[in-house]
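First the structure, in the form of structure tokens, and then the observations on it.
What follows draws every value from the coordinates through simple rules; no lab data is involved. A quick note: this is a predicted structure, and the numbers were derived from the prediction, not measured. Heads up, the Cβs are rebuilt from the backbone with ideal geometry, glycines too, and the neighbour counts pull from every protein chain shown.
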């Protein structure tokens, strides 16, 4: 991302999946993508049979 200069000048809010490379950009605000949250909750319910996960969805 650095070499391609994708985000260095960005100053808005970056919505992403919380991968570490995104966090190096401090000229912008960061928000987590809710679609990723929902997939993780589905995984937690299916893999670990946690009944709270679908309710949280």
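Here are the numbers for this structure:
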read-out: Pair-distance profile P(r), taking every C-alpha pair of the stretch 13-56, with 5 angstrom steps and integer %; value: 5, 23, 22, 14, 14, 12, 8, 2
read-out: Angle in degrees between helix 34-48 and the longest Cα principal axis of the chain, rounded to the nearest 10; value: 40 degrees
read-out: Simple label model, 7 Å out from Cα along Cβ direction - residue 30 to residue 4, nm; value: 1.9 nm
read-out: Relative contact order (%) - criterion: Cα under 8 Å, at least six apart; region: the chain; value: 25 percent
read-out: Residues residue 19 and residue 49, FRET efficiency given R0 of 30 Å [Cβ-Cβ distance, rounded to 0.05]; value: 0.65
